[in-house]
Amino acid sequence: MSSANDHSRAAGVLLLCRAEPDRVRPSAQLLNEPLLLVPAGEGWSALIPGEDSWRSEGTSLAEATAGWAHALAVAESWPVVGLWWDANGAGFVVAAGFRRTVGYHWLTDGTPAGEESVMGALRSRLGLDPVLDGAALDGLTRPDSDAGAAARVLGLIAVLSRTGLTLPPGLAPGASAARLRAAAGVLPAAEAVDWPGWRQAVRAGLDAAERGTLGAWTRGPRARALGAAELAGGLALAFGARRAGRRGWAAVGAVLAADGALTLAYDWWRERT
């Protein structure tokens, strides 16, 4: 007979960001969650949240993963693929900028239980090959009595590996959150991502913008207008979502507000240097 502890051991999340760790770190810090950040191949990084993070969300694992992925990607130029699995199945979400975050899942025995259009969104947002990769992804939406939920997620990882993704040893579907974090924690390049406080976040953001690692930042009237809009919209979303108890959307608002504030700060700083 299964128990709540069995369910806990089976559950895990991987947030795969198509960017180097230096670019992922500022957005990851704004989530204010216990995260481990590791390189995951050429142009990829992986974030591993702790189990307490999604249990405190009060939502399903799929919903928590979607909220984190959306918050990470909403103010960035790179997409995020969030993988999740638990005793009831497995799935993924894909987030990119302001576009709607979409997801797909499989039941424990591997039965597809999502909309095929999500695979098209995954292809377009990650720039995958429409023929070779498209055929492989389409195969994941068809019945296969020999492929359980974990095998389906492994199939997705195999497709992403063609873009440079290489997951470190031990980071695999089916592992518990504790096992994932233990495997990531022994890697030489692993780092814990913590919220550094606003003063340090602004300083780090200005330094990263000056080095060019944030890429999308600009200066001038358009940058100031964008920064002001992000700051106002992000604060409104963060406070409204927090009052409604929607922590995932509160994180999205916090990221937008922080990005807007840092954009304004960078423009002001460069005007005076």
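The values are calculated or read from the model by the stated rules, or taken from the named source; none is laboratory data. Since this is a predicted model, take the numbers as computed values, not measurements. Note that we place each Cβ from the backbone using ideal geometry, even for glycine, and neighbour counts take in every protein chain shown. SASA here: full protein model, heavy atoms, side chains in, ligands and nucleic acids out. Shrake-Rupley method; radii C 1.70, N 1.55, O 1.52, S 1.80 Å.
Going residue by residue through region 9-26, is there one that turns out to be under 15 Å from residue 90 (Cβ atoms) and basic (Lys, Arg)? Checked against the condition, which is being under 15 Å from residue 90 (Cβ atoms) and basic (Lys, Arg), region 9-26 yields at least one hit.
Taking region 95-120 as the range and being over 16 Å from residue 62 (Cα atoms), touching a strand residue (DSSP E or B) at 6+ places or on another chain (Cβ under 8 Å) and either modelled with pLDDT of 95 or more or outside the structural domain of residue 174 (by the TED database) (or both) as the test, only 119 passes.
Tally the residues that are more than 23 Å from residue 123 (Cβ to Cβ) and of a type outside the set (D, E, K, R), restricting the search to region 76-106.
Keep residues of region 76-106 that are more than 23 Å from residue 123 (Cβ to Cβ), which gives 86-88.
Applying the additional criterion that residues be of a type outside the set (D, E, K, R) yields 87-88.
Total satisfying the criteria: 2.
Taking first residues from region 144-156 that are over 20 Å from residue 94 (Cβ atoms) and partners that are β-branched (Val, Ile, Thr), the Cβ contacts under 7 Å between residues at least 6 apart in sequence or on separate chains come to 148/108.
Sort out which residues of region 32-49 are under 17 Å from residue 180 (Cβ atoms) and open to solvent by 10 Å² or more (accessible area, probe 1.4 Å), and write them in order of number.
Narrowing region 32-49 to residues under 17 Å from residue 180 (Cβ atoms): 33-41, 44-49.
If the condition is that a residue be under 17 Å from residue 180 (Cβ atoms) and open to solvent by 10 Å² or more (accessible area, probe 1.4 Å), then 33, 34, 36, 39, 41 are the ones that fit.
Residues of region 108-131 that are within 11 Å of residue 79 (Cα to Cα), open to solvent by 30 Å² or more (accessible area, probe 1.4 Å) and in a helix (DSSP H, G or I): 124, 125.
Among the candidates 94, 102, the residue that is open to solvent by less than 30 Å² (accessible area, probe 1.4 Å) and either out of contact with any helix residue (DSSP H, G or I) (no Cβ under 9 Å at 6 or more places or on another chain) or without any contact (Cβ under 8 Å) to a residue 24 or more places away in the chain (or both) is uniquely 102. Here 156, 160, 167 are screened, and the one residue that is open to solvent by less than 40 Å² (accessible area, probe 1.4 Å), at pLDDT 95 or above and part of a loop (DSSP other than H, G, I, E, B) is 167. Look at residue 146 and say whether it is crowded, with 16+ Cβ neighbours inside 10 Å, charged (D, E, K, R) and at pLDDT below 95. In short, no.
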